[in-house]
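Readers should treat all values here as calculations from the given coordinates under stated rules, not as data from a laboratory. A quick note: this is a predicted structure, and the numbers were derived from the prediction, not measured. As a convention, Cβ positions derive from the backbone with ideal geometry for all residues, glycine included, and neighbour counts pool all protein chains shown.
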Amino acid sequence: MREQFYFAFRNRKVVGGLSVILGLLVLGLVAPLFADYGPNEYVGPPAAPPSGEFLFGTTTFGQDVFLQFTTGLRSTFLVGVLGGGIAALIGMTIGFVAGYRGGLLDEVLNMLTNVVLVLPALAVLIILHAYLGIKSIPAQALFIGAFSWPWVARAVRAQTLSLRSREFVDLARLSGMGTMRIIRREIAPNMSSYLLLTFILLFGGAVLFAATLDFIGLGPTESVSLGLMMNNAVHWSALHLGLWWWFVPPGLGITAIVGALYVTNVGLDEVFNPRLREM
Amino acid sequence: MVMLALEGVTKVYQVGAFGRRKLTAVSEVSFDVGEGEVIALIGESGSGKSTIGRMVLRLASPSGGRILFGGKDITGIREHDYRREVQGVFQDPFSSFNPIFRADRVLHMIREGFFPRLNNAQWMSKVEAALESVSLDPAQVLGRYPHQLSGGQMQRMLIARALLLDIRLLVADELISMLDASTRIDVLNLLADLKQRGLGILFITHDLSLGHYLSDRTVILRRGEVVETGPTTEVFAAPSHAYTRLMLESVPRLHQKWESK
Ligand SMILES: Nc1ncnc2c1ncn2[C@@H]1O[C@H](COP(=O)(O)OP(=O)(O)OP(=O)(O)O)[C@@H](O)[C@H]1O
Ligand SMILES: [Mg+2]
């Protein structure tokens, strides 16, 4: 473990990726605290380009783009952690249980996985949105999580299946350990690096998914997010009016977060897999 | 006195997609193990030895027949109580240890389930006593990782693990197949020693000479069925079944050079 930390901090991809992510996270957490107005308030001159007063300029309505951007970062991280976390929780639980218990339970869970896999998430979302309305970010994260776990379940199941037949699992059973304890204490630790990588990918996927949903107008309308900013920019023809400062920051922000996550992922892969280590 | 008895035990595996094909790994097997007796269960690869061992250890359940321990059907005994008296050691020491943890974890695993009341000092002295009884130096093996131990040390540690409980029956599945000849003798002698102390052993092996060395009685298994059973000396001196004779003939003799027939 200590050795892996050592290699992680020497890996340029891990360090670079994490710096970008942490930098944006801190920006999102701290910057909005200094504003004494809300991100949707009309506080400045309309359509002003970036200046000393409004770092990223203002929207057609005179809203502070920098404040919207930094507040949007918060939602992005929230949706990433929640959505990725929910997907990881569902996918790993199903994968572990199906792989470990096998038999009928495995077949049922497998069927469930396949159903969710082929379910058209977007269509379901449009229907849900029409009937319930997805108003908050946690609700959106829940939805994203509920649709992005199947590949995790499959991969975790496959790995569990191969670990289950190892004799140390039998030995744990002979020592009186129960199913859940064995999964948590014997099987999961053997794939901890893999589980971490899975979470990173889910996080990035959730961020992208949320941005897409917000952009096409299926996101929570009552909050501020990077995707919603882009949606508004397009909706109010920022492109034609040449208000580039309205849509470039959220676009770059999402790209930076997701890109940095993937770079970190590749770097961690090298750390965990000594054969890939760049020495 | 009979301690463990198998009565017409059968194990059918469902294989293939949706379990459409059936594979009878063990078929109508009956034999028993007396108190403090060593039974050699011998058969070629795939004959169902490990499957029997796993059923006796309650890691798999029979599809037919029953297994009795002390006259009671084992499915009626609380698993926890059963494990206190029946333990196993497996074929492959390298896969018996979780590679990412220290090796002595296999010993400490027992503590929570079976000795929750012992304090640290009491527990450590118990662990040390168990290690010493298998001729391991506690100072030398405690705190090490599996890859820092030799195969023989690993196997001894696994036996020590079983001995932490006051077991009456040890299922030893190919216990020493993976060891080199000299370590093998050491571990065999350790088993002989345990037998002296009254431990019953179900000694599973595909190696006839290993079965011969230790056991009181022998059960010969072929394709999941018992083909011959009896006192070891008799089975080896005058095998009654053609299959046993074939197996005995196919053992390479060290003092004889190989010739093509
Ligand atoms: N979990 C399982 N599912 C399906 N088939 C199994 C399973 N375990 C064992 N088998 C099959 O049962 C048969 C007996 O296997 P078993 O492991 O008991 O043989 P064995 O005598 O221990 O062989 P070896 O000497 O190679 O260890 C084999 O044909 C094997 O493929
Ligand atoms: Mg076997």
Exercise. Name the chymotrypsin sites (Phe, Trp or Tyr not before Pro) in the range A:45-144 that are in a loop by DSSP and that have at most 13 other C-beta atoms within 10 Å, would you?
Worked result: none
For this session: Just need the relative contact order of chain A here, percent rounded to a whole number, with Cα pairs under 8 Å and 6+ apart.
Result: 28 percent
Exercise. If you build a Gaussian network model of chain B, linking Cα atoms that sit under 10 Å apart, which residue out of B:Glu35, B:Glu228, B:Glu249 swings the most?
Worked result: B:Glu249
For this session: Taking the convex hull of the Cα atoms, report for chain B its projected area averaged over all directions, in nm².
Result: 16.7 nm²
Exercise. Which of the pairs B:Lys126/B:Lys195; A:Lys13/A:Lys135; B:Lys49/B:Lys72 have their Cα atoms more than 27 Å apart in this structure?
Worked result: A:Lys13/A:Lys135
For this session: Taking the Cα centre of the range B:2-249 as origin, work out the dipole magnitude from +1 charges on Lys and Arg Cβ and -1 charges on Asp and Glu Cβ, in debye rounded to 20.
Result: 880 debye
Problem set entry | Options A:Val248, A:Ile94, A:Ala260, ranked by Cα towards positive dipole end of the protein assembly as shown, top entry (Cβ charges) | A:Ile94
For this session: Can you find, among A:Leu112, A:Ile137, A:Leu161, the residue farthest towards the positive end of the dipole of chain A? Put +1 on the C-beta of Lys and Arg, -1 on that of Asp and Glu.
Result: A:Leu161
Exercise. Dipole of the range B:64-175, Cα-centred, from +1 at each Lys and Arg C-beta and -1 at each Asp and Glu C-beta, to the nearest 20 debye?
Worked result: 260 debye
Problem set entry | Cβ-defined net charge surrounding B:Leu118, 11 Å radius [Lys, Arg +1; Asp, Glu -1] | +2
Exercise. In µm²/s, what is D for the range A:1-94 at 20 °C and 1.002 mPa s, where D = kT/(6 pi eta Rh) by Stokes-Einstein and Rh is the Kirkwood radius from Cα pairs?
Worked result: 135 µm²/s
Problem set entry | Net dipole in debye of the protein assembly as shown [+1 Lys, Arg Cβ; -1 Asp, Glu Cβ; about Cα centre; nearest 20] | 440 debye
Exercise. With axes computed from alpha carbons, what is the tilt in degrees of helix B:151-163 against the longest principal axis of chain B, rounded to the nearest 10 within 0 to 90?
Worked result: 80 degrees
Problem set entry | log₁₀ of I(q)/I(0) at q = 0.06 Å⁻¹ - the protein assembly as shown, Debye sum with one point per alpha carbon | -0.46
Exercise. When you look at the Cβ of every residue in B:90-96, what mean number of other chain Cβ atoms sits within 10 Å?
Worked result: 4
Seminar exercise, completed: Here the FRET efficiency for B:Ser209 versus B:His108, based on Cβ atoms and R0 = 35 Å and rounded to 0.05, is 0.45
For this session: Compute the acute angle (0 to 90°) between the alpha-carbon long axis of helix A:150-164 and the principal axis of greatest extent of the alpha-carbon atoms of chain A; round to the nearest 10°.
Result: 20 degrees
Exercise. Helix B:181-196 sits at what angle to the longest principal axis of chain B, using alpha carbons and giving 0 to 90 degrees rounded to 10?
Worked result: 80 degrees
Exercise. Residue by residue, what Karplus-based ³J(HN,Hα) values in Hz, rounded to whole numbers, does the range A:249-264 have, using 6.51, -1.76 and 1.60 with θ = phi - 60° and x for Gly and Pro?
Worked result: x, x, x, 5, x, 4, 4, 5, 5, 5, x, 5, 4, 5, 5, 4
For this session: Would you compute, from DSSP H runs of 4+ residues alone, the mean residue ellipticity of chain B at 222 nm, taking -39500 (n - 2.57) per run and dividing by the full residue count, rounded to the nearest 500?
Result: -10500 deg cm²/dmol
Exercise. If you keep only loop residues by DSSP, which trypsin sites (Lys or Arg not before Pro) in the range B:124-202 have at most 12 other Cβ atoms within 10 Å of their Cβ?
Worked result: B:Arg197
